[in-house]
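> For reference, the structure I am asking about is given below.
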Amino acid sequence: MLRFLITKFAQMIPTFFGITVLSFAFIRLLPGDPATLLAGERGVTPERHAELMALLGFDKPIWQQYLLYVADVLQGDLGNSLVTRQPVLEEFFTLFPATLELSICAMIFATVLGLPAGIIAAVKRGSWFDHTLMGSALTGYSMPIFWWALILIILFSTPPLSWTPVSGRIDILYFFDQPTGFMLIDSLLSGEKGAFWSALSHLVLPTIVLGTIPLAVIARQTRSAMLEVLSEDYVRTARAKGLAPSRVIGLHALRNALIPVITVIGLLVGTLLGGAILTETIFAWPGIGKWMVDSISRRDYPSVQGGLLLIAGIVMIVNITVELLYGLINPRIRYRR
Amino acid sequence: MSLLEIRNLSVDFQTAHGLFRAVDSVDLDIAKGELVAIVGESGSGKSVSMLALMGLLPWTAKVTADCLAFDGRDLLTMAPRERRKIIGKDMAMIFQEPMTSLNPCFTVGFQITESLKTHLGGSRAEHRRRAIELLELVGIPAPETRLSAFPHQMSGGMNQRVMIAIAIACNPRLLIADEPTTALDVTIQAQILELLVELQRERDMALVLITHDLGVVAETAERVTVQYAGQQVEKQPVESLFDDPHHPYTAALLAALPERATSKRLPSIAGVVPGQLDRPGGCLFNPRCGFATERCRQEVPVLNRGALCHYPLSRGVPQGHPEHQGEDA
């Protein structure tokens with residue numbers, strides 16, 4: 001177990017360096033530079049521009065800049081935002097709970113609907129339910145997120161329905177401390193009347209939008225994994241014991257079908273954080289997705305680099321957790337370690 | 001009254017080319033504590049008929065029968081919930097592949113106690129005690145420690161013993177063993193068979209042994225049913241079947257036994273069991289039968305001296321066959 005973790009973390013090191021190189025290089029490949037953008041519409045004289053670049057440390061040769069950056073990162077310093085002058089790490093973790101809350105809700109939405117849907121489709125293979133579900137899953141998977149978000153907003157957030165708000169995490173009239181950073185929990189803790197419902201109604205549409213692709217993927221994966229498992233001999237054995245179908249399918253078959261499903265759920269976390277960028281921008285959700293987009297358009301090099309690095313780190317940790325889960329679900333994997 | 005009564009059981013599978021009849025009007029009676037063997041090649045419908053009895057066929061299978069009664073109760077008209085109370089309790093089944101028949105995700109102990117919990121109730125401690133007792137009974141050493149083992153940590157023979165333990169957990173009155181030794185080593189095969197026969201005798205449990213190994217049949221069974229292409233072609237007590245087979249197919253199977261071989265080359269039956277698309281007219285065995293005549297190719301035979309044949313054999317001579325006139329046994 002310890003050896004497994006050490007190996008996994010060792011494997012993360014090259015990935016980590018790869019990400020520093022890519023994030024460092026890509027943001028600099030974009031036209032424009034921070035000094036010009038900081039100066040704003042009035043523009044800046046070439047002398048002042050050079051002065052600013054020197055001040056920010058961007059006058060040095062590129063390899064020197066990179067080495068300095070990596071040296072800082074290794075010491076746990078991701079630098080300060082060029083715009084807010086705040087440490088990147090601090091900004092990231094102030095905003096991250098918003099993204100995390102949205103991602104968790106989207107994942108719960110996708111799993112709670114996708115898993116049973118996939119199971120039913122597999123059990124009733126070839127039925128109208130199966131065909132409808134697989135058709136909708138393909139549609140859901142292929143839909144552009146921003147288009148889907150706009151359709152939902154037009155349907156549910158504008159008259160005549162006007163059910164849900166379209167932006168932010170909570171109504172502006174609520175104001176309270178946020179000890180956890182999770183609006184649902186904080187609004188409950190605050191004890192303010194209606195705050196929780198306001199937070200919840202703000203979450204509905206972003207959750208659906210962000211959860212649609214994971215929902216489609218989970219449903220399809222569950223269906224195919226279940227189809228494979230349902231024809232296994234041990235499922236027949238379970239039925240031969242006289243067990244109820246719910247137990248045969250929900251315990252004996254599902255437990256074996258979970259491995260591929262957990263794998264895609266793990267991989268989806270990466271997609272989810274990527275998808276969050278679009279979803280957060282559309283719904284003005286104050287999370288890291290929106291922050292990243294803003295940072296890119298301001299050429300805020302340290303923020304973009306730091307943000308990418310942290311997101312990548314989170315995805316890697318999720319993947320290791322998934323591999324640990326395999327062993328929990330399937331003893332054959334546990335004992336091989 | 002017999003424990004199991006099957007009359008005119010047929011199973012049809014819905015396929016891309018229409019209905020395929022895998023089991024064709026099979027009759028079977030099994031008395032309490034009796035050991036009956038069903039033999040036949042692969043594809044002869046042996047397993048399918050027993051899976052139909054257990055209700056384990058996929059939904060694409062259509063099961064019909066005049067009577068499918070266990071202990072006087074008709075299984076076909078019974079509600080699924082009622083039927084599940086019999087299956088796994090009074091009527092249990094073990095399968096061919098022990099390595100894949102146990103769920104890899106659960107311990108041996110869990111899989112045994114699950115049956116007990118479902119059918120008998122009782123406390124966890126009782127289940128545990130009974131599970132240890134069962135593992136001991138089927139000859140697994142150190143049963144206490146084996147309870148927490150997973151199937152992949154044990155050998156095929158051990159897993160088959162666990163399967164048997166699960167099957168006999170609720171003291172069934174009928175055990176169906178579907179080629180229980182095919183996937184095992186020869187030395188283990190004998191042990192498992194011995195165990196099954198011993199359990200059958202000690203517990204007065206009826207045992208249906210599905211096999212294609214006639215040697216096994218000779219050693220264990222009391223009565224034998226021979227199946228070919230979904231049909232029962234012959235039914236006899238075991239001694240008389242080996243002594244004087246009536247159906248040419250049975251005779252050919254027996255002739256192919258190494259211990260009965262007289263020439264240097266082992267005789268075989270040319271061809272294969274007909275499938276869905278190459279079913280012959282008349283008798284289904286006619287393309288492979290040495291005695292087949294025009295009548296065999298045209299007319300469907302009926303049961304004649306316990307064999308589904310126009311010219312049933314008597315002491316190796318086909319009775320009433322045009323080319324064998326006057327050759328009475």
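> On the given criteria, is B:Pro58 open to solvent by 20 Å² or more (accessible area, probe 1.4 Å), in a loop (DSSP other than H, G, I, E, B), within 11 Å of chain A (Cβ to nearest Cβ) and not charged (D, E, K, R)?
For B:Pro58, the condition - open to solvent by 20 Å² or more (accessible area, probe 1.4 Å), in a loop (DSSP other than H, G, I, E, B), within 11 Å of chain A (Cβ to nearest Cβ) and not charged (D, E, K, R) - is met.
> Residue check: is A:Gly79 surrounded by 13 or more Cβ atoms within 10 Å (Cβ to Cβ), at positive phi and not assigned by TED's automatic domain parsing to the domain that holds A:Thr20?
yes
> Find all pairs meeting these conditions: Cβ atoms under 7 angstrom apart; at least six residues apart or on different chains; first residue within region A:54-83 and of a type in the set (Val, Ile, Thr); second residue open to solvent by 70 Å² or more (accessible area, probe 1.4 Å) and assigned to a loop (DSSP other than H, G, I, E, B).
A:Val83/A:Arg298
> A further question on this structure: Of the residues B:Ile164, B:Ile192, only one is free of Cβ contacts under 8 Å to residues at least 40 places away in the same chain, buried (at least 16 other Cβ atoms within 10 Å of the Cβ) and part of a helix (DSSP H, G or I); which?
Among B:Ile164, B:Ile192, only B:Ile192 is free of Cβ contacts under 8 Å to residues at least 40 places away in the same chain, buried (at least 16 other Cβ atoms within 10 Å of the Cβ) and part of a helix (DSSP H, G or I).
> So, B:Thr64, is that one away from chain A (no Cβ under 12 Å), among the hydroxyl-bearing types (Ser, Thr, Tyr) and free of Cβ contacts under 8 Å to residues at least 40 places away in the same chain or not?
Here the answer is no, as B:Thr64 does not meet what is asked.
> Here's something else I'd like to know. Considering (1) more than 10 Å from chain B (Cβ to nearest Cβ); (2) open to solvent by 30 Å² or more (accessible area, probe 1.4 Å), say which one A:Arg239 fails and leave the rest.
The one condition A:Arg239 does not meet is (1).
> List, please: which pairs have Cβ atoms under 8 Å, are six or more places apart or on different chains, and start with a residue in region B:80-96 that is in contact (Cβ under 8 Å) with a residue 40 or more places away in the chain and within 8 Å of chain A (Cβ to nearest Cβ) and end with one that is β-branched (Val, Ile, Thr) and crowded, with 20+ Cβ neighbours inside 10 Å?
B:Ala92/B:Ile166; B:Ala92/B:Ile168; B:Ala92/B:Ile176; B:Met93/B:Ile176; B:Phe95/A:Thr237
> Is there any pair linking a residue in region B:202-225 that is of a type in the set (Lys, Arg) to one that is assigned to a loop (DSSP other than H, G, I, E, B), with Cβ under 8 Å and at least six apart or on different chains, and which?
B:Arg203/B:Asn171; B:Arg223/B:Glu34
> Could you tell me whether A:Ile249 is touching a Phe, Trp or Tyr at 6+ places or on another chain (Cβ under 9 Å) and either among the hydrophobic types (A, V, I, L, M, F, W, C) or not in a helix (DSSP H, G or I) (or both)?
So A:Ile249 does not fit the description; no.
> Filter region A:138-158 down to residues that are within 24 Å of A:Gly168 (Cα to Cα) and either of a type in the set (Phe, Trp, Tyr) or not assigned by TED's automatic domain parsing to the domain that holds A:Thr207 (or both), then give me how many there are.
Adding up the residues that qualify gives 4.
> Another question, then. I want to confirm something. Restricting to region B:146-167 and keeping residues that are in contact with a helix residue (DSSP H, G or I) (Cβ under 6 Å, 6 or more places away or on another chain) and β-branched (Val, Ile, Thr), which single residue is nearest to the other protein chains (Cβ to nearest Cβ)?
Out of the qualifying residues, it is B:Ile166.
> Next up: Can you give me the number of residues within region B:97-145 that are at the interface with chain A (Cβ under 8 Å from one of its Cβ atoms), of a type outside the set (S, T, N, Q) and open to solvent by 30 Å² or more (accessible area, probe 1.4 Å)?
2
> If you take just the helices (runs of 4 or more DSSP H) that sit entirely in region A:126-243, which of them hold at least 1 residues that are in contact with a helix residue (DSSP H, G or I) (Cβ under 7 Å, 6 or more places away or on another chain), free of Cβ contacts under 8 Å to residues at least 24 places away in the same chain and under 30 Å from B:Arg83 (Cβ atoms)?
Counting at least 1 such residues, we get A:128-142, A:233-240.
> Further question on the same structure: Could you tell me which numbered condition A:Val217 fails, if it satisfies all but one of (1) crowded, with 23+ Cβ neighbours inside 10 Å; (2) more than 14 Å from chain B (Cβ to nearest Cβ); (3) touching a Leu at 6+ places or on another chain (Cβ under 7 Å)?
Looking at each condition in turn, A:Val217 falls short on (1).
The values are calculated or read from the model by the stated rules, or taken from the named source; none is laboratory data. Source: prediction; values computed, not measured. For neighbour counting, all protein chains shown are included, and Cβ atoms are generated from backbone atoms with ideal geometry for every residue, glycine included. The accessibility values were calculated without ligands, DNA or RNA, using every heavy atom of the protein model including side chains. Shrake-Rupley method; radii C 1.70, N 1.55, O 1.52, S 1.80 Å.
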